[in-house]
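The block underneath contains the structure these notes are about, expressed in structure tokens.
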Amino acid sequence: MSEIKNILLKLLEKEISLEDAEKLLKANLIEEVGDLAKLDVFRKTRTGTPEVIYAQNKTPQMITNIVSQFLKTKKFAIISRYSEKQKTLILETFGNNKDYIIDINELGKIIVIKEFSYSFVNKGGIVGIITAGSSDIPTAVEAEVIVKIMGCKVISSYDVGIAGIHRIFTPLSNMIKNGVHVIIVCAGMEGTLPGVVAALVDVLVIGVPISSGYGIGEKGKGALITMLQSCSPGLLVVNIDNGFGAGASAAIIANKIAE
């Protein structure tokens, strides 16, 4: 007998409560794809965050196998940090199927495949996304895609860093007027902008260090240290280039506030 059937049988026989059955199902719903991966297909139900297929270091065939299983068990699949070879095989495998829509975001390196009739539910959260410079935009776009998939509205403003500090005030004022619940700020180099924004607003700011900069602070290290050392309260920091983590965290918080 499968674990799921065992849980349901215990529920029918009143050995466990409905609440306990729900917890057990959420904890045990893991599906295998051959020997390649264990898909946590009910992650969205358990945590509110959809599972994303991280494509880096996987072969194109591994990606298409995993995507196929996702589409059998869910209505959509999300692939991040894909390569050109992976993208080509995804299009060859799923591109001619009229049941699916494939949305490829080249800038954010993220692909969303969903059933034609499926729509992501709007949950009411509102997230602002800001970048200090144009080099930070790809990571911001990755965050934006995740935020929208998780049911939030996005208000974005790019290339408003402290080198021209006057540029930040109008878009930031617009975000506050429109009731943003969380603001994501992506910045490379010395990474000052998230701390500045956190000092100006009364909502949570999530700082994303970007892998730019030179010398001792190269590859985002300087930006990360600056954000971690910021004296502005209300600033939380994710890892370098972690657009997905910032987007998922922002959406969870914004949607909870919207409830």
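The values are calculated or read from the model by the stated rules, or taken from the named source; none is laboratory data. Remember, it's a predicted structure, so these values are computed and weren't measured experimentally. Because the Cβ atoms are built from the backbone with ideal geometry, glycine has one as well, and the counts that use them run over all protein chains shown.
Tally time: how many residues in region 145-181 are outside any helix (DSSP H, G or I), over 14 Å from the mean Cα position of the chain (by Cα) and farther than 19 Å from residue 134 by Cβ?
4
Quick one: residue 53 ticks every box in (1) over 30 Å from residue 258 (Cα atoms); (2) at pLDDT 85 or above except a single one, so which number is it?
Against the list (1) over 30 Å from residue 258 (Cα atoms); (2) at pLDDT 85 or above, residue 53 comes up short only on (1).
Go through region 130-146 and give me each residue that's surrounded by fewer than 24 Cβ atoms within 10 Å (Cβ to Cβ) and among the β-branched types (Val, Ile, Thr).
Those that are surrounded by fewer than 24 Cβ atoms within 10 Å (Cβ to Cβ) and among the β-branched types (Val, Ile, Thr): 137, 141.
Is it the case, given these coordinates, that residue 197 is at pLDDT 95 or above, under 18 Å from the mean Cα position of the chain (by Cα) and not small (Gly, Ala, Ser)? Walk me through it before giving the result.
Working: at pLDDT 95 or above: yes; under 18 Å from the mean Cα position of the chain (by Cα): no; not small (Gly, Ala, Ser): yes.
Answer is no for this residue.
What number of residues in region 227-241 are touching a strand residue (DSSP E or B) at 6+ places or on another chain (Cβ under 8 Å) and at pLDDT 95 or above?
9
Within region 66-85, take every residue that is modelled with pLDDT of 90 or more and among the charged types (D, E, K, R) and give me the one that is surrounded by the fewest Cβ atoms within 10 Å (Cβ to Cβ).
84
Between a residue in region 237-259 that is farther than 10 Å from residue 127 by Cβ and assigned to a helix (DSSP H, G or I) and any residue that is at pLDDT below 95 and charged (D, E, K, R), which pairs come within a Cβ distance under 8 Å, given they are 6 or more apart or on different chains?
258/123
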